[in-house]
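Accompanying notes for the structure given below.
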Amino acid sequence: MIARLILAALACLLVAFLLTPQSFAWLFVPLTKNGAPPIYTQTGLLSLTLSHLGLVALASLASTIVAVGLGVLVTRPAGREFLPLARTITSIGQTFPPVAVLALAVPAMGFGAGPTLVALFLYGLLPIFENTLTALQNLPPSVIEAARGMGLTRRQRLLQVELPLALPVILAGVRLSVVISLATATIGSTVAAHTLGEVIIAGLLSANTAFVVQGGLIVGLIAVLIYEGFQQVEKATARRIGQMQQE
Amino acid sequence: MADTSLATPVPVPRISRNGLLFALLGGLALWLPLVQFKANRIVAGEGLSLPGALPGGAGWGFVCLVILLLAAGLLYRLPLGWRLGLALIGLAAVILSLGLAAKGLTPEGNRVVRVAPASGFWMLLLAFGLMGTDALSRLHLSRKARWAVLCISLGLIWLCLASGLLNETSVMVEYRARADLFSRSLWQHLTLAFGSLAMALLIGLPLGIMVFLIPKLRRGVLGVLNVLQTIPSLALFGIMIPVFGWIALNVPGAAQIGVAGIGLFPALMALFFYSLLPVVSNTLVGLRTVDPAVHDAAFGLGLTQRQVLFQVQLPLALPVVLAAVRIVLVQNIGLAVIAGLIGGGGFGSFVFQGLNQTAMDLILLGALPTILLALVAGVALDLMVEAISPKKGNVT
Amino acid sequence: MIRIENLSKTYGDTTVVQPVSLTIEKGHIAALVGTSGSGKTTLLRMINRLVEPSSGKVWIGDEDAATIAPHLLRRRIGYAIQGHGLFPHRTLAQNIAMVPQLLGWKPRDISDRVDELLTLFQLDPARFRDRMPHQLSGGQQQRVGVARALAARPEVLLMDEPFGALDPVIRAKAQDDLRDIQRQLGTTLVIVTHDMEEAVTLGDRIAVMDKGVLLQYGPPTEILTHPATPFVEALIGKAERPFRLLSLSHIGDIAVPGEAEGPALPRDTSARDALAQCLWLGRDRLAVQGGGVVTLEALRTRAKGDGA
């Protein structure tokens, strides 16, 4: 309960800060030197935040669709042959540094939002795919057996039984993926994507700690809020199907 | 789970579906440009596909070889060892063709022209790389054999680079222009990754043991570490600069022991802070998973609390702690790239310089070794974790 | 009616079920008994084609099961398994409504059917319709599992160790209820169990299987009195046999004219319970409701398997 109040307060604070950043200027003044501006004004913080979130949302949506699709494919009889390969790719892919993926997307796509989207998309695939796979392979066997025995077709089993039951674990994968993407997107501004990283980098270039801190704070706050939000949804879906989440 | 359609197999000659995937990737790659021919390192180049990139008819030779290898991969009953062999030959052929193309396309004595690997090269590499890893993972090699594979692979990569085969390719040209800087960056990168890991273990292990022994502290400590983890890396690196700059100035003796607001130190600290959570939480998890019966038995034998901790609980928790080491090391090798943005050195400086100058070859010079380091660290530590985990069938 | 003709299953070189032929009359209960790995579950699963037979035929009524698409066949055959397999993300009503929905029943009919079944299984529809499966006790979950299997009024119901996860007290009650409901609906029932007691209690006929071979198929008394092989005999348990035999007959059937002191027992009391009463009370005869007595002598004869 207290945790929820704190979260709600943090959300209000975030919205207030994004809408009227100047009213918080006094907080950041101590972090500036030589009368540098305490609040980043080159581009509106709100517009940067929205663009940042937009990139993450778009990439995560795409990763979710593709990763869940692939996870379903390799657990069907037609795609089972790909399963070991898919596992290997996932475990290797996760050792690829996100920054390197981002940098490698630049030669292929040029600067701007493009490479950031591609990097976020590719990197976001892995946790979702991994969780989809885990979830679909660990469904209660008696339920699946019952579904077959009752005459549900493969498609009906997938849509009405398997995916709904796998949902909490898949959502946990999406949460992980979104949180990683939020952080990686800040680095996207080094390749000229319009994200909150712009604020941090401007701070680094002009040695203005206020910018670094406010950029970091906004991203951190959003990450915490999204993380908690997802967890609430996961818990609700898990409770509904009578499984308590571990942890 | 035999369902109806499986019970009555349709008599179609069986094609390996994985083989089909690799063949499609490889076939597509043959259409794409193998190399980019650029008048200098900045401008966009002209793509040349495999047949056109190599002098004389050699290109078609390589095309035939690649097609042959991919076609052989389609056979369903091909033994895995053979498959691995095919993949290795394929990789060798692809790399050789890149080297030859670069040699053939670069006019004698011209230091400005660049021949860069292009999408076709990367996709062929991917196709054969996947073919190889697929065969490897299904061979279920023993741990010793997998170590051997890792070492041999590294040896082969070294051989490719040392033999001068790839000397005319753009990345190597870029490397030769800054060979000294490269080795310095390598050391910086390793210092960042391993140094922060060492610090995290030094502080994190005792901290983990402490929160295990004093449950009251758990929420607080783990909460703080969790919050640290949500700060985006770019910001954490940035905040370290003024913080440690101030400490170096104002805390007597701090500057003498190396604390500084510029250079490697702030980056090292940022990585250290990121590493703490995995180390502390895995130490805690490892200690908590020790079977209470083992714990009781040890006490029953007359061991003291201290002896139980050091002789029973910690050794049993070791695999979980080592798993944290793997997470931290792989993560830090990747994150250390960001140090390049705040003047902390490492391969990141190549990456970000490259991005600034739109010099793709320079980006590759930073990104490729980083990926290689991360991969090697990941595979090596997986093998170590497996070695000390009591008989668990582990899939790498 | 289910007719099984030379049904067998082979995986590669291993034969799980040797060719089996048997017929289950309409409205009867057949119990498939055997140890684990005996092939009984495979035989059951071949009836609704969860396992595809390697050879042989299954006739449901006068239709060849192989000619019906598997998922359509399964919608006509009820199926209940150990651990109930209820969909944890659906309410009880939604669980029970599953097959009728697949068959395209009208929502109104489905809703009526759900209430009817919940009532039949002693679960108040008003209270239970919208509960989630995990909110029920094990016994209740199991009942809903059977109710769901019966939802579309199947002619045939297959059950695989349906009571395996229940504790003995609830189990006995569930068996009684199942028998009542089966008689009421006239469903043909095939039940797999490893428990001979359960087979004797429920089965009109018992099929004993071992290592993929059908050893004996017959009414319980025949299995108990004339076991075909030493394995069947061992499965019955020699020491238990008299009691099992007794549990098959009711005292109404063996009552003789006479008088006895004490309260009269209902006519459908099992002979086994009557014997227990005799021993406990130290009497040699008990009164039976509606006149007559059951004697210790008659019970003893029954327990030997004579006069069945």
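If I filter the stretch C:47-62 for residues that are within 27 Å of residue A:240 (Cα to Cα) and either surrounded by fewer than 15 Cβ atoms within 10 Å (Cβ to Cβ) or not charged (D, E, K, R) (or both), do I get at least one hit?
The answer is no, given that none of the residues of the stretch C:47-62 is within 27 Å of residue A:240 (Cα to Cα) and either surrounded by fewer than 15 Cβ atoms within 10 Å (Cβ to Cβ) or not charged (D, E, K, R) (or both).
Take the conditions in contact with a Phe, Trp or Tyr (Cβ under 6 Å, 6 or more places away or on another chain), surrounded by 17 or more Cβ atoms within 10 Å (Cβ to Cβ) and at negative phi and apply them to residue A:118. Does it pass?
No, not satisfied.
If I ask for residues that are out of contact with any Phe, Trp or Tyr (no Cβ under 7 Å at 6 or more places or on another chain), more than 7 Å from chain A (Cβ to nearest Cβ) and on the phi < 0 side of the Ramachandran plot, which ones from the stretch B:355-374 would you list?
B:356, B:357, B:359, B:361, B:364, B:368, B:372, B:373, listed by residue number.
So, in the stretch C:280-306, how many residues would count as being part of a loop (DSSP other than H, G, I, E, B) and touching a helix residue (DSSP H, G or I) at 6+ places or on another chain (Cβ under 6 Å)?
The qualifying residues number 2.
For the stretch A:56-81, enumerate the residues that are buried (at least 21 other Cβ atoms within 10 Å of the Cβ) and more than 14 Å from chain B (Cβ to nearest Cβ).
Listed by number, the residues that qualify are A:59, A:60, A:63, A:64, A:67, A:68, A:71.
Looking only at residues in the stretch C:72-88 that are without any contact (Cβ under 8 Å) to a residue 40 or more places away in the chain and buried (at least 19 other Cβ atoms within 10 Å of the Cβ), which one is nearest to residue A:162 (Cα to Cα)?
Result: C:74.
Could you tell me whether the stretch B:249-267 includes any residue that is modelled with pLDDT of 85 or more and within 24 Å of residue B:281 (Cβ to Cβ)?
There is at least one residue in the stretch B:249-267 that is modelled with pLDDT of 85 or more and within 24 Å of residue B:281 (Cβ to Cβ).
Of the residues that sit in the stretch C:81-97 and are more than 8 Å from chain A (Cβ to nearest Cβ) and small (Gly, Ala, Ser), which one is nearest to residue A:146 (Cα to Cα)? Even if it seems obvious, please write down each step before you answer.
If we filter the stretch C:81-97 for residues that are more than 8 Å from chain A (Cβ to nearest Cβ), which is where we start, we get C:90-97.
This time we only want the ones that are small (Gly, Ala, Ser), so: C:93, C:97.
Details: C:93: 16, C:97: 14 Å.
Among them, the one singled out is C:97.
Determine which member of the set C:24, C:29 is out of contact with any helix residue (DSSP H, G or I) (no Cβ under 9 Å at 6 or more places or on another chain), over 21 Å from residue A:142 (Cα atoms), in contact (Cβ under 8 Å) with a residue 40 or more places away in the chain and buried (at least 20 other Cβ atoms within 10 Å of the Cβ).
Of C:24, C:29, the one residue that is out of contact with any helix residue (DSSP H, G or I) (no Cβ under 9 Å at 6 or more places or on another chain), over 21 Å from residue A:142 (Cα atoms), in contact (Cβ under 8 Å) with a residue 40 or more places away in the chain and buried (at least 20 other Cβ atoms within 10 Å of the Cβ) is C:24.
Can you tell me which of B:56, B:26 is under 22 Å from residue B:95 (Cβ atoms), at pLDDT 85 or above and more than 14 Å from chain C (Cβ to nearest Cβ)?
Going through B:56, B:26 in turn, just one is under 22 Å from residue B:95 (Cβ atoms), at pLDDT 85 or above and more than 14 Å from chain C (Cβ to nearest Cβ): B:26.
Do the conditions hold for residue B:192, that is, is it at pLDDT 90 or above and away from chain A (no Cβ under 14 Å)?
Details: at pLDDT 90 or above: yes; away from chain A (no Cβ under 14 Å): no.
No.
Do you know which residues across the stretch C:42-91 are in contact with a strand residue (DSSP E or B) (Cβ under 8 Å, 6 or more places away or on another chain) and of a type in the set (Phe, Trp, Tyr)?
Within the stretch C:42-91, C:59, C:79 meet the criteria.
Checking residue A:180 against (1) in contact with a Ser or Thr (Cβ under 9 Å, 6 or more places away or on another chain); (2) more than 10 Å from every other protein chain (Cβ to nearest Cβ); (3) surrounded by fewer than 24 Cβ atoms within 10 Å (Cβ to Cβ); (4) at pLDDT below 90, only one condition comes out false. Which one?
(1) is the only condition that residue A:180 fails.
Here is a yes/no grid of residues against (1) assigned to a loop (DSSP other than H, G, I, E, B); (2) farther than 25 Å from residue A:159 by Cα; (3) within 11 Å of chain B (Cβ to nearest Cβ); (4) not basic (Lys, Arg):
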| site | (1), (2), (3), (4) |
| --- | --- |
| A:83 | no, no, yes, yes |
| A:89 | no, yes, yes, yes |
| A:115 | no, yes, yes, yes |
| A:129 | no, no, no, yes |
| A:132 | no, no, no, yes |
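To keep it simple, each residue is scored yes or no on (1) assigned to a loop (DSSP other than H, G, I, E, B); (2) in contact with a helix residue (DSSP H, G or I) (Cβ under 9 Å, 6 or more places away or on another chain); (3) of a type outside the set (Asp, Glu).
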{"site": "C:233", "(1), (2), (3)": "no, yes, no"}
{"site": "C:239", "(1), (2), (3)": "no, no, yes"}
{"site": "C:247", "(1), (2), (3)": "no, yes, yes"}
{"site": "C:262", "(1), (2), (3)": "yes, yes, yes"}
{"site": "C:267", "(1), (2), (3)": "yes, yes, yes"}
{"site": "C:274", "(1), (2), (3)": "no, yes, yes"}
{"site": "C:278", "(1), (2), (3)": "no, yes, yes"}
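Tally time: how many residues in the stretch C:161-171 are more than 22 Å from residue C:2 (Cβ to Cβ) and in a loop (DSSP other than H, G, I, E, B)?
Residues flagged as more than 22 Å from residue C:2 (Cβ to Cβ) and in a loop (DSSP other than H, G, I, E, B) within the stretch C:161-171 amount to 4.
Across the stretch C:98-151, what is the number of residues that are in contact with an Asp or Glu (Cβ under 9 Å, 6 or more places away or on another chain) and buried (at least 19 other Cβ atoms within 10 Å of the Cβ)?
5
Residues checked against (1) at pLDDT 85 or above; (2) touching a Cys at 6+ places or on another chain (Cβ under 8 Å); (3) not hydroxyl-bearing (Ser, Thr, Tyr):
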residue: C:204; (1), (2), (3): yes, no, yes
residue: C:212; (1), (2), (3): yes, no, yes
residue: C:223; (1), (2), (3): yes, no, yes
residue: C:237; (1), (2), (3): no, no, yes
residue: C:253; (1), (2), (3): no, no, yes
residue: C:287; (1), (2), (3): yes, no, yes
residue: C:291; (1), (2), (3): no, no, yes
residue: C:295; (1), (2), (3): yes, no, no
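Residue A:139 versus (1) of a type in the set (A, V, I, L, M); (2) touching a residue at least 40 places away in the same chain (Cβ under 8 Å); (3) more than 7 Å from every other protein chain (Cβ to nearest Cβ): which is the lone unmet condition?
All conditions pass for residue A:139, except number (2).
Name the residues in the stretch A:190-206 that are polar (S, T, N, Q), more than 8 Å from every other protein chain (Cβ to nearest Cβ) and within 23 Å of residue A:104 (Cα to Cα), would you?
A:195, the sole residue that qualifies.
Kindly list, by first and then second residue, each pair from a residue in the stretch B:70-94 that is closer than 17 Å to residue B:133 by Cβ to a residue that is of a type in the set (Phe, Trp, Tyr), limited to pairs with Cβ atoms under 6 Å and residues at least 6 apart or on different chains.
So the pair list comes out as B:73/B:22; B:87/B:128; B:90/B:128; B:91/B:128.
Check the stretch A:207-227 and report whether any residue there is over 20 Å from the mean Cα position of the chain (by Cα), at the interface with chain B (Cβ under 7 Å from one of its Cβ atoms) and farther than 23 Å from residue B:226 by Cβ.
We begin by selecting, within the stretch A:207-227, every residue over 20 Å from the mean Cα position of the chain (by Cα); these are A:207-214.
Checking which are at the interface with chain B (Cβ under 7 Å from one of its Cβ atoms) leaves us with A:209, A:212-213.
Going one step further and asking which of them are farther than 23 Å from residue B:226 by Cβ, we end up with A:209.
There is at least one residue in the stretch A:207-227 that is over 20 Å from the mean Cα position of the chain (by Cα), at the interface with chain B (Cβ under 7 Å from one of its Cβ atoms) and farther than 23 Å from residue B:226 by Cβ.
Quick one: is residue A:184 more than 16 Å from residue A:50 (Cα to Cα), among the polar types (S, T, N, Q) and touching a Phe, Trp or Tyr at 6+ places or on another chain (Cβ under 9 Å)? Walk me through how you get there before you give the answer.
Working: more than 16 Å from residue A:50 (Cα to Cα): no; among the polar types (S, T, N, Q): yes; touching a Phe, Trp or Tyr at 6+ places or on another chain (Cβ under 9 Å): yes.
Judged against the criteria, residue A:184 is not a match.
The values are calculated or read from the model by the stated rules, or taken from the named source; none is laboratory data. Keep in mind it's a predicted model, so treat the numbers as computed, not measured. Reconstructed Cβ throughout: ideal geometry from the backbone, glycine too, with neighbour counts over all protein chains shown.
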